[in-house]
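> First the structure, which I've put down as structure tokens, then a few questions once you've had a look.
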Amino acid sequence: MDAAKVITDFRLLSGWSDTSQITDANALVLANKIYREWINQIKIKVKEDFFYDYWKVNTTVVNQSEYELPIRKDATWVAWCTKLKWVSVKYNTTDSDFTKFRPETQANLSKDLLYYEANQPATDPFYIVADYSYFVYPAPTTAVAEWIVLYWISDPADLLLAWDEASIKIPLEYQDIIPLWMVYLYFKSRLLTNEKNDALNEYKAYLNDMITGLSDRIEVPLISEMPNLTSLK
């Protein structure tokens, strides 16, 4: 189902509403409201790693520690980062593998940050996240293409009418949830109470089925190690 088909299905489910009642542009606004809600529900109730992604920095700058996070700050229609999972680097053009940085906070550091730019051992690199940036220590001493890899939780971009099915970051079997919620919002705006309530109940049932289905994608038991609390006795 592409974005245009979402709106076609919405018009069918809402009683063949036409463009004189709601334009395609306004229908797309409704579609993106539920699309954003769906993304948030998945992150909260299933797992935020459902939207896991990675991104490579093209080229680093010698002696530069600060690099900008790929965060949504304008109207460009691309996915952005909502949470940084970790950072990996190559320090030299001859490196074949990336080295994983450890996360750090300024409160744990005994020296000024400028000290770590030049003096932090490359065998124990770390990064700090602040404002719209991440800071790597030590700073690179060589410009290396695709030197940094960011592993992060993606914030999918809003839908556009011309987008194809692959651009909708919802499994195909659950994409019917978008026009269902659009119908609810449409009936609500027209003060059709009974129709609105029926659409809401249908949407909630479909949402529960989706959450259950997505939460059950791994059947193999996973082992989770609890922290050692003996020191607290």
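> Looking at the chain as a GNM with Cα springs under 10 Å, which of 174, 115, 203 has the largest mean-square fluctuation?
Checking each option, the largest mean-square fluctuation is seen for 115.
> Oh, and also: Under a 5 Å amide H to amide H cut-off, with H placed in plane at 1.01 Å, what residues pair with residue 133 once short-range neighbours are removed?
Those qualifying (amide H under 5 Å, at least 5 residues apart or on another chain) are 69.
> Relative contact order for the chain using alpha-carbon pairs under 8 Å, separation at least 6, rounded to a whole percent?
Values: 316 pairs, mean separation 70.2, N = 233.
The normalised contact order for the chain reaches 30 percent.
> Can you tell me the relative contact order of the range 50-155? Whole percent, Cα pairs under 8 Å, sequence separation 6 or more.
Normalised by residue count, the contact order of the range 50-155 is 50 percent.
> Compute the long axis of helix 3-13 from its Cα atoms, compare it with the longest principal axis of the Cα atoms of the chain, and write down the angle in degrees, 0 to 90, nearest 10.
30
> Karplus couplings for the range 154-166 from phi (6.51 cos²θ - 1.76 cosθ + 1.60, θ = phi - 60°), rounded to Hz, Gly and Pro as x?
Per-residue couplings from phi come out as 7, 10, x, 6, 4, 6, 10, 4, 7, 6, 8, 4, 5 Hz.
> Enumerate the whole-percent occupancy of each 10 Å bin, from 0 to the last occupied one, for all C-alpha pair distances of the range 50-155.
Reading the bins upward from 0: 15, 48, 30, 7, 0.
> While we're looking at this one, here's another question. If the limit is 30 Å between Cα atoms, which of 33/90; 5/56; 5/43 go over it? Present the calculation step by step, with values, prior to reporting the outcome.
On the way: 33/90 40 Å; 5/56 34 Å; 5/43 25 Å.
The pairs that break the limit, which is 30 Å between Cα atoms, are 33/90; 5/56.
> Grab the other residues whose beta carbon is less than 15 angstrom from that of residue 12, score K and R as +1, D and E as -1, and report the net.
Overall, the nearby charge balance is -4.
> Placing +1 on the Cβ of each Lys and Arg and -1 on the Cβ of each Asp and Glu in the chain, which of 150, 54, 200 has its Cα farthest towards the positive end of the resulting dipole?
Value: 200.
> In the chain, with Lys and Arg counted as +1 and Asp and Glu as -1 at Cβ, which of these residues, 3, 110, 178, has the Cα nearest the positive end of the dipole, that is, farthest along it?
Selected residue: 110.
> Stokes-Einstein diffusion coefficient for the chain at 4 °C in a medium of 1.567 mPa s, Rh from the Kirkwood formula over Cα pairs: what value in µm²/s? Can you show the working numbers first?
Working: Rh = 21.1 Å.
Answer, rounded: 61 µm²/s.
> Give me the angle, in degrees from 0 to 90, between the Cα long axis of helix 24-41 and the longest principal axis of the Cα atoms of the chain, rounded to the nearest 10.
That helix lies at roughly 50 degrees to the long axis.
Where a number appears in this text, it was derived from the coordinates with a stated rule and is not lab data. Quick caveat, the model's predicted, so the values are computed rather than measured. Heads up, the Cβs are rebuilt from the backbone with ideal geometry, glycines too, and the neighbour counts pull from every protein chain shown.
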